[in-house]
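These notes are about the structure you will find just below.
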């Protein structure tokens, strides 16, 4: 499957989010959630883009991306017009379909790497997890959690935030020890 322009936009948003975090900007927890949901929905859509049911997901992808983009650009504007303009240029290039990043092939069951500036961990559980429970941990610890399957998750974020989220998830591990 070829890369979609929206994946390039997703990567720009992840990079902008990472850069803002490095600048110690306070990030609304809805932003990483929208970015995570956009990526999950993109992956769902890419399985079979010709499927009419999956085509309906394009609106959801755009909604998640627009919500995150608007809030991130507002935060970038607080840093300065030049900074904001730099990110708008990247987003414009991405929306035109210009390749800014290499997108890892999704067919592999291995996670190739984290987005720029993020650390990453992949976990496999014996039984499916409650997405609601996991999302609470993600929001509290300011990480992005992507469900690859109902038993495999990938956590993206700053190393310390990932460690904190893993500590909170420790109860999931003890629940599954036989």
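The values are calculated or read from the model by the stated rules, or taken from the named source; none is laboratory data. Fair warning: this is a prediction, and the values are worked out from it, not measured in the lab. Heads up, the Cβs are rebuilt from the backbone with ideal geometry, glycines too, and the neighbour counts pull from every protein chain shown.
Assorted remarks:
- Every residue from segment 140-167 that is at pLDDT below 85 and out of contact with any strand residue (DSSP E or B) (no Cβ under 8 Å at 6 or more places or on another chain): 149, 150
- Counted residues, segment 20-61 - those being surrounded by 14 or more Cβ atoms within 10 Å (Cβ to Cβ), part of a helix (DSSP H, G or I) and touching a helix residue (DSSP H, G or I) at 6+ places or on another chain (Cβ under 8 Å): 19
- Candidates 56, 126, 107 - the one that is within 19 Å of residue 4 (Cα to Cα), modelled with pLDDT under 85 and not assigned by TED's automatic domain parsing to the domain that holds residue 17: 107
- Per-region count, segment 158-174, residues touching a residue at least 40 places away in the same chain (Cβ under 8 Å) and within 23 Å of residue 14 (Cα to Cα): 4
- Against the criterion of being within 27 Å of residue 134 (Cα to Cα) and assigned to a helix (DSSP H, G or I), residue 78 does not qualify.
- Near pairs, Cβ below 9 angstrom, 6+ apart or cross-chain, from segment 119-138 (touching a residue at least 60 places away in the same chain (Cβ under 8 Å)) to any residue that is assigned to a helix (DSSP H, G or I): 135/33; 135/36; 138/32; 138/33; 138/36; 138/165
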